[in-house]
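The values are calculated or read from the model by the stated rules, or taken from the named source; none is laboratory data. The structure presented is a predicted model; accordingly, all values stated were derived computationally and were not measured. Here the Cβ positions follow ideal geometry from the backbone for every residue, glycine too, while neighbour counts run over all protein chains shown. All accessible areas refer to the heavy atoms of the entire protein, side chains included, with ligands and DNA or RNA removed. Shrake-Rupley method; radii C 1.70, N 1.55, O 1.52, S 1.80 Å.
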Amino acid sequence: MKTLKTLLILISALLLSSCGGVSTKPNITGRAYEVLVVIDDSIAKSAVGDSLFGILNQDVPCMPQSEPYFNISKTPHRAFSDILKPARNIIIVNVGDLYSRVKLSNEENKWATTQSVMTINGPDIESVASAIGKYEKDIINYFVKSERKRSISYQSHYPEAKAMERVKEKFGFTMVVPKGFNRFKEADDFMWISNSSNDVRQNLVIYTYPYNCTEAFTREMILHKRDSVMMINIPGPSEDSYMGTEYKFEPPLFYNNALENGDYAAEVRGLWTVIGDIMGGPFVSVTCLDKEHNRVVTAEAFIYAPNQYKRNVMRQLESILYTIKFNKDNKNGQQD
C-alpha cells in the first residue's frame with residue numbers, strides 16, 4: 001500500500017508538471033549581474049572574444065569608481081555541464097560552417113526559472129565579431145533588463161507597505177518601496193524616503209510639477225528642475241550646504257525612453273554632490289508624464305556608500321523607478 005501511494009504521488013506530480021501546474025526547472029544560480037559565456041578557447045582568443053568581453057567589461061556610466069557592467073566567467077562547450085546550466089545569465093557563442101549567417105537569439109527559462117540566455121551563431125570570426133559590435137546596446141540592455149525584472153519581482157514580494165501607502169496617499173499613484181525604507185521627509189509635491197543603514201544609505205525621491213510643454217523632458221530642463229528641488233529639500237551636513245548635480249567631470253547622461261503606452265518619459269543618470277561639503281555618489285532619475293493629471297512626475301534613486309562598490313545596490317534601487325503605476329480613477333492626482 002505504501003508503494004502504491006508513493007507511485008500515485010509521483011504520477012500526480014508528473015501530470016501537474018506536464019500541464020504547467022508545477023515547474024520542474026531549478027532556480028537560477030549566481031549573483032546579480034554575473035554572466036557565464038560559453039565559448040571555446042580558440043574563439044575566446046579571437047576578435048569575437050575581444051569584442052564580446054570588451055562590451056561586457058565596459059564601465060557602468062556615471063559611477064564614482066570603475067565598475068564593469070557584468071562580472072564574467074567563461075567555459076568551453078565541452079565543460080558546459082548540468083551544474084553550470086542554471087546560471088542566471090548565459091551567452092552561448094558558436095562559430096562554424098554549420099551557420100550560413102550571423103544570428104542573435106534570446107530565450108527565457110531555458111534551464112532554470114527566470115533565466116536569460118542569449119545565443120550568438122555565425123559562420124566565421126569576422127562576421128560574428130562585427131555583429132557583436134553592431135548589437136552592443138542590445139546585448140547589454142537584454143541582461144540589464146532581465147536583472148531589473150528579477151529585482152522588481154523580488155522587491156514586490158517584500159515591500160515596505162507603510163511607505164507605499166504614504167506614496168499613494170500623497171501622489172495618487174502606486175510605486176513599490178523596498179523593505180527597510182522607513183525614514184521620510186515631505187513637502188508640497190515632494191517626498192524623500194530612505195533606509196536606516198549606516199553602511200549603504202539608499203534613497204528614493206519623488207516630486208511632481210505641472211506639465212507645460214515637451215521641453216519639460218529635455219536634459220537641461222530635467223536637471224534644472226532637479227537642482228532647484230534638491231537645493232530646497234535636501235540639506236547637507238554642514239551649514240548652508242545642499243544637494244546638487246556634479247557638473248565638473250562627466251556630464252549626466254541622458255536617454256530618451258518611451259513608456260509602454262507611448263507617453264513621454266526620460267531617464268537621466270549622473271553624479272550628485274553636496275554643494276558646500278564633501279559628499280557625493282551616483283543617481284538615476286526617471287521623469288514621466290501623468291497625462292490624466294497634466295503633471296510631470298520624477299522619481300529618483302541615489303545612494304551614499306563611500307569606499308564601497310555601488311553597481312548592484314544602485315541597479316536594484318533604480319529598478320524601483322519603473323514600478324510607478326498611475327491611478328486613472330483619481331482625478332486630483334492626490335487622495336484626500
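Checked against (1) surrounded by fewer than 16 Cβ atoms within 10 Å (Cβ to Cβ); (2) at pLDDT 95 or above; (3) out of contact with any helix residue (DSSP H, G or I) (no Cβ under 9 Å at 6 or more places or on another chain), Q65 passes all but condition (2).
Applying a threshold of 8 Å to beta carbon distances and a minimum spacing of six or more residues, or different chains, the list of pairs starting in the range 236-249 at a residue that is surrounded by fewer than 17 Cβ atoms within 10 Å (Cβ to Cβ) and modelled with pLDDT under 95 and ending at one that is in a loop (DSSP other than H, G, I, E, B) and aliphatic (A, V, I, L, M) reads P237/M279. The conditions of being in contact with a strand residue (DSSP E or B) (Cβ under 6 Å, 6 or more places away or on another chain), more than 15 Å from V297 (Cα to Cα) and aromatic (F, W, Y) are met by Y242. When you scan the range 94-108, do you find a residue that is under 18 Å from the mean Cα position of the chain (by Cα) and more than 30 Å from F249 (Cα to Cα), even just one? Looking for residues that are under 18 Å from the mean Cα position of the chain (by Cα) and more than 30 Å from F249 (Cα to Cα), one finds at least one in the range 94-108, hence yes. State whether the residues of the range 79-92 include one that is open to solvent by 40 Å² or more (accessible area, probe 1.4 Å), at pLDDT 95 or above and of a type in the set (S, T, N, Q). Yes. Looking across the range 120-131, just one residue is out of contact with any Gly (no Cβ under 9 Å at 6 or more places or on another chain) and open to solvent by less than 30 Å² (accessible area, probe 1.4 Å), and that is I120. Among the conditions (1) among the small types (G, A, S); (2) more than 17 Å from G281 (Cα to Cα); (3) assigned to a loop (DSSP other than H, G, I, E, B), A216 misses just one, which is (3). Here is a check on your reading of the model: is Y154 closer than 30 Å to F181 by Cβ and of a type in the set (F, W, Y)? Considered against the rule, which asks whether it is closer than 30 Å to F181 by Cβ and of a type in the set (F, W, Y), Y154 comes out as yes. Restricting to the range 42-62, name every residue that is open to solvent by less than 60 Å² (accessible area, probe 1.4 Å) and either among the acidic types (D, E) or over 21 Å from P306 (Cβ atoms) (or both). Matches in the range 42-62: I43, A44, S46, A47, V48, G49, S51, L52, F53, G54, I55, L56. Just to be sure, is E220 touching a helix residue (DSSP H, G or I) at 6+ places or on another chain (Cβ under 6 Å) and not basic (K, R)? Considered against the rule, which asks whether it is touching a helix residue (DSSP H, G or I) at 6+ places or on another chain (Cβ under 6 Å) and not basic (K, R), E220 comes out as no. Figure legend. Inter-residue proximity from the range 102-121: first residues on the phi > 0 side of the Ramachandran plot, second residues modelled with pLDDT of 95 or more and hydrophobic (A, V, I, L, M, F, W, C), beta-carbon distance below 6 Å, spacing 6+ or different chains. Indicated pairs: T114/I28. Going residue by residue through the range 138-160, is there one that turns out to be touching a Gly at 6+ places or on another chain (Cβ under 7 Å), modelled with pLDDT of 95 or more, among the acidic types (D, E) and in a loop (DSSP other than H, G, I, E, B)? Yes. D124 satisfies every condition listed in (1) within 22 Å of the chain's Cα centre (by Cα); (2) closer than 19 Å to F53 by Cα; (3) of a type in the set (D, E, K, R) except (1).
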